[in-house]
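The values are calculated or read from the model by the stated rules, or taken from the named source; none is laboratory data. Remember, predicted model here, so these are calculated numbers, not experimental data. Here the Cβ positions follow ideal geometry from the backbone for every residue, glycine too, while neighbour counts run over all protein chains shown.
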Amino acid sequence: MPKNVIRSDRMPTPVASYSSAVRADKFVFVSGQIPLDPATGELVTGGIEPETRRALDNLTLVLEAAHATLADVVKVTVFLTDMGDFKAFDAAYKTYFPMDPPARATVAVAALPRGAHVEIEAVALLP
């Protein structure tokens, strides 16, 4: 089965040369989402909690364009620029995955695009 690039005007525009998501068979591979406001293209500020929520809202928009939801997510990788933010990040994150959360890895990185403090990528399995 060929791969299909997922596109939508509702999603944030990628900040470099990559697709926001690619569907291959029943899997959707979502590129890392940073906390960009899709309407303005500007980075959301105010700390790790609002950044996490915006990144997850962006992830939701990308999944919707692929006809999927957060409930279809099976694996998440999170990149944080400061592991000191982990507790606040996780508090916001778990409101998006209140039951049966997906597998997840969280990695500390030196920097993220546009000065973001969090980036979240995911793999979803379509129903």
Please indicate, with yes or no, whether at least one residue in region 52-75 is modelled with pLDDT of 95 or more, part of a strand (DSSP E or B) and surrounded by 13 or more Cβ atoms within 10 Å (Cβ to Cβ).
yes
Among the residues that make up region 18-26, is at least one of them in contact (Cβ under 8 Å) with a residue 60 or more places away in the chain and touching a Leu at 6+ places or on another chain (Cβ under 7 Å)?
yes
For region 102-127, which positions are surrounded by 13 or more Cβ atoms within 10 Å (Cβ to Cβ) and either without any contact (Cβ under 8 Å) to a residue 24 or more places away in the chain or within 16 Å of Ala68 (Cβ to Cβ) (or both)?
Pro102, Ile120, Glu121, Ala122, Val123, Ala124, Leu125, Leu126
So, in region 12-34, of the ones that are among the aliphatic types (A, V, I, L, M) and under 14 Å from Leu112 (Cβ atoms), which residue ends up modelled with the lowest pLDDT?
Val15
Determine which single condition Pro98 fails, assuming it passes every other condition in (1) over 30 Å from Pro2 (Cβ atoms); (2) touching a helix residue (DSSP H, G or I) at 6+ places or on another chain (Cβ under 9 Å); (3) in a loop (DSSP other than H, G, I, E, B).
(2)
What do you reckon, is Leu63 aliphatic (A, V, I, L, M), touching a Phe, Trp or Tyr at 6+ places or on another chain (Cβ under 6 Å) and on the phi < 0 side of the Ramachandran plot?
no
